[in-house]
Amino acid sequence: MTGRILLLSPYHGGSHRAWAEGYACASAHAIALLTLPAHFWKWRMHGGAVTLARQWLSQAASQPLPDLILATDLFDLTTFLALTRRHTAGIPAALYMHENQLTYPLPDDPATGPMRRQLGERDRHYAFINYASMLAADRVFFNSRYHLETFFAALPAFLRHYPEYNELDTILLLRRRSAVLPVGIDLRRLEPPETAAAGAPPLILWNQRLEFDKRPERFMDVLLTLAGEGLPFRVALCGERFGQPDAAWLAGVEALGERVIHNRYANDDTYRHLLWQAAATFSTADHEYFGIGVLEAIYAHTFPLLPDRLSYPEIIPDAFHADCLYHGKADLLARLRGVLANPAAARARATALASAIAGYDWAVMAPTYDRAFDGLMAQRG
């Protein structure tokens, strides 16, 4: 069936925007996007529902009603449904969890950064918005099994924090209505450039967010160790940035000197060229619910080295675990030395891996999404 989906994206930037627009372009359904800019994420979780409800109500009378409401996690779905109930009562709602505010890690420094703590601990208001929105939704989709399992493992203690009416029986209810729906990616936009650099030292790529949860200080420490051993390599630091990098990162970049061939967020064309030049990428993250940047690098035949935890064992096919998943810093360094010594062998293995992850492209994932939402829309019929 072909239906109408209202997709609510209150923090419409970065991976959230790529996901929403990618699905809208690839889906067989008619998808209407209602969005707000990617600023002030806490205010988006509190006030975004009011703003988007008012915007939608201003045009609701002139347009057909949707068959499904699809919202993302930085959103108070309960408030939106309450404010639009005269029109949306009976329309099924789904919630897509890119992340959640219950298990998202906190920074080491409790006073700084976008995840700064309230009174020395996690601000539970935002986790409760996630929880209430999940209760209001007919179906909840997580981007990985790891994400789903860690959320539900933490939920009982979260609810027990409250003094009474802990509603622990809702955990099983929510678990039954939850499923895994991996992120779709527009991999085809990353087709190889016509020319690529040849004869230069192997290139190591950083294409993750430059934020505390990705542990950039560990990444830099590994690079400096390799440089101290005199190994030949270049570095491209092209991940998204929010504010000025800290002093340790800047000192590391300075110490690497001419090895650093790129040190800023890359536009699409530059990013594509860097991906296809790179011999390897590696993660030192403490937090990863999915791993879009890793999959983009793999698609470009870049060899990944990833910790054997978080979502990484899930997105890397089992046949490649022994090659790609490391255990501790010493193991990571040993594997990187091997890649730098024989980049051609690493490229050959990465080429095989690229074929194995092609199913994350929207051409494959969009029909999977459509089928998942078909069942919900049929409930309205």
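The values are calculated or read from the model by the stated rules, or taken from the named source; none is laboratory data. Keep in mind that what you see is a predicted model, and the values were worked out from it rather than measured. Cβ: placed from backbone, ideal geometry, glycine included. Neighbour counts: every protein chain shown.
Just to be sure, is Glu211 of a type in the set (D, E, K, R) and either within 30 Å of Ala26 (Cα to Cα) or surrounded by 12 or more Cβ atoms within 10 Å (Cβ to Cβ) (or both)?
Numbers: of a type in the set (D, E, K, R): yes; either within 30 Å of Ala26 (Cα to Cα) or surrounded by 12 or more Cβ atoms within 10 Å (Cβ to Cβ) (or both): yes.
In short, yes.
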Matching residues in region 222-233 - criterion: being surrounded by fewer than 16 Cβ atoms within 10 Å (Cβ to Cβ) and assigned to a helix (DSSP H, G or I): Leu224, Thr225, Gly228
Somewhere in region 290-298, is a residue modelled with pLDDT of 95 or more, assigned to a helix (DSSP H, G or I), surrounded by 21 or more Cβ atoms within 10 Å (Cβ to Cβ) and more than 19 Å from the chain's Cα centre (by Cα)? no
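Is there a residue in region 170-178 that is under 20 Å from the mean Cα position of the chain (by Cα) and in the same structural domain as Pro107 (by TED's automatic domain parsing)? Step through it out loud before you land on a result.
Initially, region 170-178 is screened for residues under 20 Å from the mean Cα position of the chain (by Cα), giving 178.
Those still in the list that are in the same structural domain as Pro107 (by TED's automatic domain parsing) too: 178.
Yes - at least one qualifying residue is present in region 170-178.
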Output for Cβ contacts, cut-off 9 Å, separation at least six or different chains, first residue assigned by TED's automatic domain parsing to the domain that holds Ile204 and under 16 Å from Ile204 (Cβ atoms) in region 266-277, second surrounded by 21 or more Cβ atoms within 10 Å (Cβ to Cβ) and aromatic (Phe, Trp, Tyr), reads Leu275/Tyr299
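Please find, among Leu36, Leu83, the residue that is over 25 Å from Val180 (Cβ atoms), surrounded by 21 or more Cβ atoms within 10 Å (Cβ to Cβ) and free of Cβ contacts under 8 Å to residues at least 40 places away in the same chain.
Numbers: Leu83 fails: surrounded by 21 or more Cβ atoms within 10 Å (Cβ to Cβ).
On inspection, the qualifying residue turns out to be Leu36.
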Glu254 vs (1) in a helix (DSSP H, G or I); (2) more than 22 Å from Asn130 (Cα to Cα); (3) within 25 Å of the chain's Cα centre (by Cα); (4) acidic (Asp, Glu): all pass except (3)
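Does Asp374 satisfy being in the same structural domain as Gly14 (by TED's automatic domain parsing), farther than 18 Å from Trp19 by Cα and either of a type in the set (Lys, Arg) or surrounded by 14 or more Cβ atoms within 10 Å (Cβ to Cβ) (or both)? Before you say what the answer is, go through the steps one by one.
Details: in the same structural domain as Gly14 (by TED's automatic domain parsing): yes; farther than 18 Å from Trp19 by Cα: yes; either of a type in the set (Lys, Arg) or surrounded by 14 or more Cβ atoms within 10 Å (Cβ to Cβ) (or both): yes.
Yes, satisfied.
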Tell me the residue from Gly22, Gly90, Gly48 that is in a loop (DSSP other than H, G, I, E, B) and assigned by TED's automatic domain parsing to the domain that holds Phe142, please. Gly90
Restricting attention to region 159-204, report how many residues are closer than 22 Å to Ala136 by Cα and free of Cβ contacts under 8 Å to residues at least 40 places away in the same chain. 17
Taking Thr368 and the conditions (1) surrounded by fewer than 19 Cβ atoms within 10 Å (Cβ to Cβ); (2) closer than 30 Å to Ala279 by Cα; (3) β-branched (Val, Ile, Thr), which numbered condition does it fall short on, given that it satisfies the others? (2)
